[in-house]
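What follows is a short report on a single structure.
Every read-out reported here was derived from the displayed coordinates using simple, explicitly stated rules and does not represent laboratory data. Owing to the predicted nature of the structure, the values given are computational and were not obtained by experimental measurement. Virtual Cβ from ideal backbone geometry, glycine too; neighbours counted across all protein chains shown.
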Amino acid sequence: METYYGYIDTIEDSLFVFEACRLGKIPKISKRLSESDRKKIRSGSVFVWDETKSSIKRWTDGINWSASRVAGPFLAYVEWSEPRRATKK
């Protein structure tokens with residue numbers, strides 16, 4: 001299911017994972033996760049996919065996430081514990 005399990009802290013960490021995928025040492029995901037696979041996601045799950053070879057253009061996992069924030073060289077998201085409410089204009 002997941003490509004890698006662990007903590008990616010640096011650009012070098014991410015390049016190591018991408019290179020392992022490119023060499024076929026660890027799997028890329030090729031389609032959206034099933035409902036049962038989504039339930040297995042845990043803190044530290046890392047997923048890599050190729051937009052040109054999969055049907056995945058944007059990640060969706062059924063979890064409510066914050067807007068992205070820059071965190072060093074990465075974009076970070078925070079999981080919302082409760083669904084966000086629509087704001088009135």
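Sparse packing (at most 14 other Cβ atoms within 10 Å of the Cβ) combined with a DSSP loop state is found for the following trypsin sites (Lys or Arg not before Pro) in region 1-55: Lys25, Lys31, Arg32, Lys39, Lys40, Arg42, Lys53. Summing +1 for each Lys or Arg and -1 for each Asp or Glu among the other residues whose beta-carbon sits under 13 angstrom from that of Lys39 gives -1.
Extension gain, Lys57 to Tyr7, is 15.7 nm, computed as 0.36 nm per intervening residue step minus the present C-alpha separation. With R₀ fixed at 30 Å, the C-beta to C-beta distance from Ala20 to Glu82 puts the FRET efficiency at about 0.25. Read through the labelled values (i) -0.64, -0.94, -1.02; (ii) -0.68, -1.27, -1.44; (iii) -0.76, -1.34, -1.43 and report the label of the one computed as log10 I(q)/I(0) by the Debye sum over Cα atoms at q = 0.15, 0.21, 0.23 Å⁻¹ from the structure. Of the labelled values, this structure produces (ii).
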